[in-house]
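As structure tokens, the structure follows; a few thoughts come after it.
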Amino acid sequence: MCQINTLIKPNWAIQSHFLLSGVEKLTGTANIRKRCIVGKIKNRQKMSRRYDSRTTIFSPEGRLYQVEYAMEAIGHAGTSLGILASDGVLLAAERRNTHKLLDEVVFSDKIYKLYDNMACSVSGITSDANVLTNELRLIAQRYLLQYQESMPCEQLVSTLCDIKQFYTQAGGKRPFGVSILYMGWDKHYGFQLYQSDPSGNYGGWKATCIGNNSAAAVSLLKQEYKQEGVDLKAGLQLALKTLSKTLDMTKITPEKIEIATLTREDNKTKIQILPLSELQAAIKQYEEAEAKIEAEKKKEKDKSSSS
């Protein structure tokens, strides 16, 4: 009996040994898999940082992060909007730098004249905007020197957008952190309004907005803009209404905004930045119209409550 026990015990020991070694192998495999998963996650995070720092490399999701960051910078900049009218084009912009000691004669914050038939408004990094506006002026003057006529609006916008797009795929460079609204006139398409972004994309618009709270402004413009078109007078009131409802201020003032118009007089294009007196008169007219609408709404509400 004792011999049988001594013979059986080693078999049990061998079986238990194999069972334990099998469990250890399984747990070891699980730990290896766990370490592999953690390693993959860490590698993916490192890879995302690598794609994030490189301008010209796509992420695994097919995104160019530096271009997206450039567009994000515009979302924190001052608001600019444009409205295409039947008798002209209007650009309106928020002025954030309103220091009392600033010399306004030599300083233009948001709206720039490019040449006789075209002007633009910018939102984003001002130093980048200065580089691009100077390039726009050079392109227009080279065309005028070569062909003895003004450059078509869309061709000028397209030429600059080619340069902006190049900066999204060239090593050692970064995208321009600025979006631009262009207003202009040419003999081919008349009055025109364009918008371009840091990726080099552009398009023509009837009314649009860039900068801070641009989504809310575009939604309001979509509701208020008449499909049959508006004139400059109605466009000015629409611009003031949009700015007053989207800007982070309790009351709109002439010092806080800048408005420019582009019209045609005697077969010549006229670009004018509205002076403070005209802005004040337009704001007063807008406030009176809004007060009248509010009074009518209140009157109708009182009638409905009394009935």
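Only the coordinates and a few stated rules stand behind these numbers; no lab work does. Given the structure is predicted, the values throughout are model-derived calculations rather than measurements. When we count neighbours, we look across all protein chains shown, and the Cβ atoms used for this are built from the backbone with ideal geometry, even at glycine.
Listed values, structure above:
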{"read-out": "nm² value of the averaged projected area, convex hull over the Cα atoms of segment 203-256", "value": "4.3 nm²"}
{"read-out": "Cleavage-rule hits, chymotrypsin sites (Phe, Trp or Tyr not before Pro), segment 100-206, DSSP coil, Cβ neighbours within 10 Å at most 15", "value": "Phe107, Tyr189"}
{"read-out": "Fewest-first ranking of Val230, Val122, using other Cβ atoms within 10 Å as the exposure measure", "value": "Val230, Val122"}
{"read-out": "Loop sites in segment 144-221: trypsin sites (Lys or Arg not before Pro), DSSP, at most 13 other Cβ within 10 Å", "value": "Lys173, Lys187"}
{"read-out": "Gain in span if fully extended, Arg96 to Gln169, counting 0.36 nm per residue against the direct Cα distance", "value": "23.0 nm"}
{"read-out": "Distance (nanometres) between label positions extended 7 Å along Cα→Cβ at Glu228 and Glu290", "value": "2.7 nm"}
{"read-out": "Normalised per residue, the volume of the convex hull around the Cα set of segment 154-263 (Å³)", "value": "126 Å³"}
